[in-house]
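Each remark here refers to the structure printed beneath this line.
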């Protein structure tokens, strides 16, 4: 299990670095993005596999963790917290649920028989709602720490005032 967690953390860190590179942050941000993504993605994996949580709840807790780490790392890195947590959240986007949702929708449109249509519609609705709920959980979980610790978050890029 530990090797699975480390592997998950490594791949999340690599993905976060790739996503961060798109927005061209300062070089010092890459390390923070990688570490925060590794911790957050691994936390979600542990919550889902070891604790048996649903992906929505696990995603909320993991994204809240990402938000907290980003808010408190931002003053050290002298970058906005969003610079760290946006790339760290992207590896947790539920792509498989979106893919299955659109697959179910396509199959709905191809089948006119009521029983098969209903089956594929249930797959479309279930996967689509799960995808939307996970994305909402990611957004809420990551942004809550920014508002809870507003002073820390918004002062991260400000220079200390001289008396």
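The values are calculated or read from the model by the stated rules, or taken from the named source; none is laboratory data. Values in this document were obtained by computation on a predicted structure and should not be read as measured data. FYI the Cβ positions are ideal-geometry reconstructions off the backbone, even for glycines, and counts take in every protein chain you see.
Here are some residues: 61, 79. Which one is touching a residue at least 40 places away in the same chain (Cβ under 8 Å), under 20 Å from the mean Cα position of the chain (by Cα), surrounded by fewer than 21 Cβ atoms within 10 Å (Cβ to Cβ) and in a loop (DSSP other than H, G, I, E, B)?
On the way: 61 fails: in a loop (DSSP other than H, G, I, E, B).
So the residue among 61, 79 that is touching a residue at least 40 places away in the same chain (Cβ under 8 Å), under 20 Å from the mean Cα position of the chain (by Cα), surrounded by fewer than 21 Cβ atoms within 10 Å (Cβ to Cβ) and in a loop (DSSP other than H, G, I, E, B) is 79.
Condition check: farther than 26 Å from residue 23 by Cα and either surrounded by 21 or more Cβ atoms within 10 Å (Cβ to Cβ) or in contact with a strand residue (DSSP E or B) (Cβ under 7 Å, 6 or more places away or on another chain) (or both). Does residue 38 satisfy that?
Details: farther than 26 Å from residue 23 by Cα: no; either surrounded by 21 or more Cβ atoms within 10 Å (Cβ to Cβ) or in contact with a strand residue (DSSP E or B) (Cβ under 7 Å, 6 or more places away or on another chain) (or both): yes.
No: the conditions fail for residue 38.
Is it the case, given these coordinates, that residue 40 is closer than 13 Å to residue 138 by Cβ and either part of a helix (DSSP H, G or I) or without any contact (Cβ under 8 Å) to a residue 60 or more places away in the chain (or both)?
When the stated conditions are applied, residue 40 passes them.
Go over the candidates 48, 107, 53 one by one and state the one that is touching a helix residue (DSSP H, G or I) at 6+ places or on another chain (Cβ under 6 Å), modelled with pLDDT of 90 or more and outside any helix (DSSP H, G or I).
After ruling out the rest, the residue left standing is 53.
Just need a number here: residues in segment 64-76 that are modelled with pLDDT under 90 and surrounded by fewer than 24 Cβ atoms within 10 Å (Cβ to Cβ).
The total comes to 4.
Restricting to segment 19-34, name every residue that is touching a residue at least 24 places away in the same chain (Cβ under 8 Å) and either surrounded by 16 or more Cβ atoms within 10 Å (Cβ to Cβ) or under 11 Å from residue 91 (Cα atoms) (or both).
19, 20, 25, 29, 32, 33
Specify the residue that is farthest from residue 82 (Cα to Cα); the eligible residues are those in segment 122-150 that are surrounded by 16 or more Cβ atoms within 10 Å (Cβ to Cβ) and free of Cβ contacts under 8 Å to residues at least 40 places away in the same chain.
Step by step, filter segment 122-150, then rank; the result is 123.
Could you check residue 95 against (1) in contact (Cβ under 8 Å) with a residue 40 or more places away in the chain; (2) within 19 Å of residue 15 (Cα to Cα); (3) surrounded by fewer than 18 Cβ atoms within 10 Å (Cβ to Cβ) and say which number it fails?
Here residue 95 meets the rest and fails (1).
Please state which one of 6, 10 is within 17 Å of the chain's Cα centre (by Cα), surrounded by fewer than 20 Cβ atoms within 10 Å (Cβ to Cβ), more than 26 Å from residue 123 (Cβ to Cβ) and modelled with pLDDT under 95.
10
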